[in-house]
Amino acid sequence: MDFSSKLLENAVHEMSQLPGIGKRTALRLVLHLLKQPEDRTENLATALVSLRSQIKFCVSCHNISDVELCEICASPKRDESLVCVVEDIRDVMAIENTGQFRGLYHVLGGKISPMEGIGPQDLTISSLITKAKKGIIKELIFALSSTMEGDTTNFYIYKQLDNLEISTSTIARGVAVGDELEYADEVTLGRSIINRIPFEGSLKAN
């Protein structure tokens, strides 16, 4: 792709580094920005810089937050004895949109995947186990996607909870095997949370 401007080429190159954005789509987006009022582009740039430099991760659940303790963890209306284990922020947003869950979350930051070189030490599993040992948590809900990596991660955490008086459950299979939570519709996901099943039962089913 030939460019008449090095500035344009640089902008297209950076834009094309985003997931799902090829060079042609990047060019279309950049040209669109050039047609907009200058302050709109400046607002976008400022928002992105602020996001990158000021964003925090909740000290309790590792969710993305503007402050040290996210609004969900800080809310007195949430049930701290019930914790939903998810892969990332998108899953928190998906479950929150159902309006069916009033507990807290724990964001792992990924799933165990030996093929990709991701082990338990690369996730926030150790801090989850530390919280579990404090005795406040009564139930952990595994809400990872129904993939081999998700099931492996669930089972690893489950084994780390030996000798702890914590019940474990997993979301009902209203969410199809292999599906990511963020793509599930709110009704299906909400029912999957409400109709969750004991994790031990899911092991027998497999």
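With the condition kept exactly as written, say whether any residue in region 5-24 is surrounded by 11 or more Cβ atoms within 10 Å (Cβ to Cβ), without any contact (Cβ under 8 Å) to a residue 24 or more places away in the chain and closer than 27 Å to Ser169 by Cα.
No.
Just to be sure, is Thr153 part of a helix (DSSP H, G or I), within 19 Å of Thr168 (Cα to Cα), assigned by TED's automatic domain parsing to the domain that holds Phe199 and free of Cβ contacts under 8 Å to residues at least 24 places away in the same chain?
No: the conditions fail for Thr153.
The values are calculated or read from the model by the stated rules, or taken from the named source; none is laboratory data. Source: prediction; values computed, not measured. Note that each Cβ is placed from the backbone with ideal geometry, even for glycine, and that neighbours are counted across all protein chains shown.
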